[in-house]
1. Which of the residues spanning the range 1-46 are basic (K, R) and either touching a residue at least 24 places away in the same chain (Cβ under 8 Å) or outside the structural domain of G211 (by TED's automatic domain parsing) (or both)?
2. Go through R49, R75 for me and flag whichever is in contact with a helix residue (DSSP H, G or I) (Cβ under 8 Å, 6 or more places away or on another chain) and on the phi > 0 side of the Ramachandran plot.
3. Name the single residue that is nearest to E76 (Cα to Cα) among those in the range 159-205 being part of a strand (DSSP E or B) and touching a Ser or Thr at 6+ places or on another chain (Cβ under 9 Å).
4. Looking only at strands (runs of 3 or more DSSP E) that fall completely inside the range 9-83, which ones have 3 or more residues that are at pLDDT below 95, buried (at least 16 other Cβ atoms within 10 Å of the Cβ) and in contact with a strand residue (DSSP E or B) (Cβ under 9 Å, 6 or more places away or on another chain)?
5. Tell me yes or no: at least one residue of the range 214-236 is surrounded by fewer than 18 Cβ atoms within 10 Å (Cβ to Cβ), modelled with pLDDT under 90, part of a loop (DSSP other than H, G, I, E, B) and among the charged types (D, E, K, R).
Amino acid sequence: MIKVANISKSFGKNIAVNNISFEIKEGENFILLGTSGSGKTTMLRMINRLISPSSGTIHLNHKNVLDIPVEKLRREIGYVLQRNSLFPHYTVAENIAVVPKLLHWDKKKIEEKTVALLHKFRLPKERLSSYPNELSGGEAQRVNLARAIIANPAVLLMDEPFGALDPVTRISIRKEFSELEEFKKKTILMVTHDVQEAFELADRICLIDKGKIMQVGTPKELLFRPANDFVQQFFEQTHFQLSVTTTFLNDIWSYVNANEPNNSNIKLDFAPETSLWKVIEVLTLNKKNDTQVNVQLKNDDQNKRATLEELMNAFVQYKNNF
């Protein structure tokens, strides 16, 4: 879908991006993660030609982006910025309709699609006539997201899309974003410096430092198989929480021993895709003096009883054998 080959970008003597290569598969959520100034945004902006590379090539669907007319390229790629990028003199409805009008959609189709998106982003219909300065930060970013996807682009570029929001609003919108079908079907390249955000949303993460790729891989690969000391140290402070957040019951299930039942009257059923972090939260609230609890995967005939300690032992075995 997207192929970046040996891309470099310099601003004077400053090398912002240094010989970067990666490929993004169709439908993948690929996240560029790194500290401020690492070259993430520069890399992102070269894909839709807001910045020209000093060297290297970028292909979209096997076509060099330099061979695609820039107006056509940008209409086919959704783009969401960190800051409020809505046109201040346009209403919400007019902002969302910008690309559909360029594509010559009829008025009824634009109105129906706009109302449907507003509903999905939990914004009242009355907001259609509001101007950007009348919106809260969360409302404005919801409108930005709606504008980016209304024309159903196959690719979505997102530059710190939730970074300017307060923590509560950021978590709420991030959850909405991850659950909407419109986003699940797209190829997404997102920039963030928020490690937790990257691990919640990414299929794969590209960790960048000083314009160079440190490692590309799934969240688990970066945690359990770090390519170098930088990668290991980057996640050091949050390693445990990230590990149990990205590890699921069906990952460790084969390492959990089936125990004989005891007198515990606590029985909890979990879906296979339940994260170990969620299980720890629930068991911590329910356990009494380390008694066993029934832990049974839904759609699994094998009922295993385990203490929280036994589940953590299974996790350690899984991690060591990853």
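The values are calculated or read from the model by the stated rules, or taken from the named source; none is laboratory data. On a predicted model such as this, the values are computed, not experimentally measured, just so you know. A quick note on method: Cβ atoms are made from the backbone with ideal geometry, for glycine too, and the neighbour counts reach across all protein chains shown.
1. Matches in the range 1-46: K3, K9, K25, K40, R45.
2. R49
3. The extreme case among them is D159.
4. Per the criteria, 77-80.
5. There is no residue in the range 214-236 that is surrounded by fewer than 18 Cβ atoms within 10 Å (Cβ to Cβ), modelled with pLDDT under 90, part of a loop (DSSP other than H, G, I, E, B) and among the charged types (D, E, K, R).
Rundown of residues vs (1) buried (at least 21 other Cβ atoms within 10 Å of the Cβ); (2) without any contact (Cβ under 8 Å) to a residue 24 or more places away in the chain, yes/no style:
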{"residue": "E94", "(1), (2)": "no, yes"}
{"residue": "L103", "(1), (2)": "no, no"}
{"residue": "E112", "(1), (2)": "no, yes"}
{"residue": "S129", "(1), (2)": "no, no"}
{"residue": "G137", "(1), (2)": "no, no"}
{"residue": "V155", "(1), (2)": "yes, no"}
{"residue": "D166", "(1), (2)": "no, no"}
